[in-house]
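A short write-up of the structure that comes next.
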Amino acid sequence: MDAKTLCLGALMHNEASGYEIRKLFEGGPFSAIYDVSFGSIYPALTVLLDREWATCCVAEQNGRPDKKVYSITQAGRAAFLEALSTTPAPDKMRSEMLFILSFGDHLPRADVLALVDRYIADYEDRLSDIHDRDDDHELPPVRRFVHNFGITMYETALEYLRTHRTVLTEETAPAQSNARQSDEHVVTAGGVQ
């Protein structure tokens, strides 16, 4: 889903500044299910204004710079609902941690443990942020369903990391020894093959 559609979705909830849209994806109702980079929000908002899918007004703030507040138009609502009618792409899992761990048998056990521990702490922080801002009792039933689905995914991943941490490091230990022996053999053979 592109940033324009994500911004329109945010504006379907309420008028918002670019910063407020970003916060919806960082600890807000969309944080557990989707991400949008801060650098893509303002270009997307410019396109929405150009297409007349949104309007913008300047709101004065005491002691702070004025902020631009965006609102969705009827044409923007229609464009958003049209975007929702398309078949969504399959979900994709993107995880640097899992990529690195897929080579964990080549890493020292301490590094593997540190990586898993770092991700456990990150998932705990994310869940804490979501629960601190948790207003799911105020959400309509469908949005509450989606919000709780995202939370469940984080909780499940966190539980998996906690319960399988020891198994992972125990299973990688023999492979690490073999990898080191293999590396030593290559070095004594006089080069990398």
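Computed values, structure above
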{"read-out": "Estimated distance in nm for a label pair at Val142 and Asp129, the labels positioned 7 Å out from Cα along Cα-to-Cβ", "value": "2.7 nm"}
{"read-out": "Lysines with Cα under 28 Å of Lys67, excluding same-chain neighbours fewer than 8 positions away", "value": "Lys4, Lys23"}
{"read-out": "Two-site FRET efficiency, Arg64 against Met12, from Cβ-Cβ distance with R₀ of 22 Å, rounded to 0.05", "value": "0.25"}
{"read-out": "Bins of 5 Å from zero: percent of alpha-carbon pairs in region 83-143", "value": "4, 13, 13, 14, 13, 16, 12, 8, 5, 2"}
{"read-out": "Region 1-24 and region 86-102: distance between their alpha carbon centers, rounded to Å", "value": "23 Å"}
{"read-out": "Where labels lie 7 Å past Cα in the beta-carbon direction, separation of Met97 and Asp122 in nm", "value": "0.6 nm"}
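Every number here is computed from the coordinates shown, using simple stated rules; none is lab data. Note that the coordinates shown come from a computational prediction; the quantities given were computed from them, not determined experimentally. Glycine also receives a Cβ, built like all others from the backbone with ideal geometry; neighbour counts cover every protein chain displayed.
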